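The values are calculated or read from the model by the stated rules, or taken from the named source; none is laboratory data. Since the structure is predicted, the reported quantities are computational estimates derived from the model, not experimental observations. Cβ sites come from the backbone with ideal geometry, for glycine too, and all protein chains shown count toward neighbours. Surface areas here come from the heavy atoms of the whole protein model, side chains and all, with no ligands, DNA or RNA. Shrake-Rupley method; radii C 1.70, N 1.55, O 1.52, S 1.80 Å.
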Amino acid sequence: MTKDVETSGQEFSNKDYHDPPPAPLIDPDELTQWSLYRAIIAEFIATLLFLYITVLTVIGYKSQSDTDPCGGVGILGIAWAFGGMIFILVYCTAGISGGHINPAVTFGLFLARKVSLVRALMYMIAQCLGAVCGVGLVKAFQSSLYNRYGGGANELAGGYNKGVGLGAEIIGTFVLVYTVFSATDPKRNARDSHVPVLAPLPIGFAVFMVHLATIPITGTGINPARSFGAAVIYNNDKAWDDHWMFWVGPFIGAAIAAFYHQYILRAAAIKALGSFRSNA
């Protein structure tokens, strides 16, 4: 068995690996393909379901713990709800849309030239609309509890300044997007073909772990659509005052993760320089 693994690794190392070609910045033909609109629908529905389950969990926990301090699922349960739903939904939609379910993930993949500008923008719109609809369903089903327990909106917790909140969102999103790049790296999949890797699992665990760390600080955004949907339906001044950090932080974190994976770990800049020198 060991010999087979070593042989397969040697065979891979002896082959020239080529990354898939970068996605075009703008591809007009893409707008005529049903696969794009199917993917947009998948992103909309997935984000709707994500917000419905997770925000309902948050409100349910707060209502139960209000009457019983030991009641409800606790922060651990909330983190499991977010991480578990991402695992489920990425697993379900990865083959259709890539399973982004998060504008920050889409933005990071766009910067790495994994998706076109058109697809990235349409994904983000679908994700935000799905989030609004998902939280709208929560309010419709829990109208008596929704406003009383904060509507699942992300807000900076008392005792923290905005710099800390922004930093938490940047680092948290970096962890998530870095995990997405690593789990879906085609070179890694080819090199470690003898090790089955279920990409949605580490992505879900990344969301779970980040929520454990940052729920006490910002309620954990790391997903602008999640924060936007909750803010629109809850429509509270405090939620809107803090809302900027749930876009700026995740986009900065995603950009750093894309740069780190593509240009440091994968050494894309060095490869490009070497190619230029060989052609010269």
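Could you tell me whether Y178 is closer than 20 Å to A94 by Cβ, of a type in the set (S, T, Y), in contact (Cβ under 8 Å) with a residue 12 or more places away in the chain and open to solvent by 10 Å² or more (accessible area, probe 1.4 Å)?
So Y178 passes the test.
Which condition number does L121 fail, the rest of (1) within 24 Å of L212 (Cβ to Cβ); (2) modelled with pLDDT of 95 or more; (3) open to solvent by 40 Å² or more (accessible area, probe 1.4 Å); (4) out of contact with any Gly (no Cβ under 7 Å at 6 or more places or on another chain) being met?
Answer for L121: the failing condition is (1).
Counting only residues that are at pLDDT below 85, give me the helices (runs of 4 or more DSSP H) lying completely in region 231-280 with at least 3 of them.
Once the helices (runs of 4 or more DSSP H) in region 231-280 are filtered for at least 3 residues that are at pLDDT below 85, what remains is 268-279.
Given the options L36, L76, name the one that is open to solvent by 70 Å² or more (accessible area, probe 1.4 Å) and over 14 Å from the mean Cα position of the chain (by Cα).
None of the others qualify; the one that does is L76.
Would you mind stating whether L25 is crowded, with 20+ Cβ neighbours inside 10 Å and either assigned to a helix (DSSP H, G or I) or modelled with pLDDT under 95 (or both)?
no
So A79 fits all but one of (1) modelled with pLDDT of 95 or more; (2) small (G, A, S); (3) assigned to a loop (DSSP other than H, G, I, E, B); what number is the exception?
The number of the failed condition is (3).
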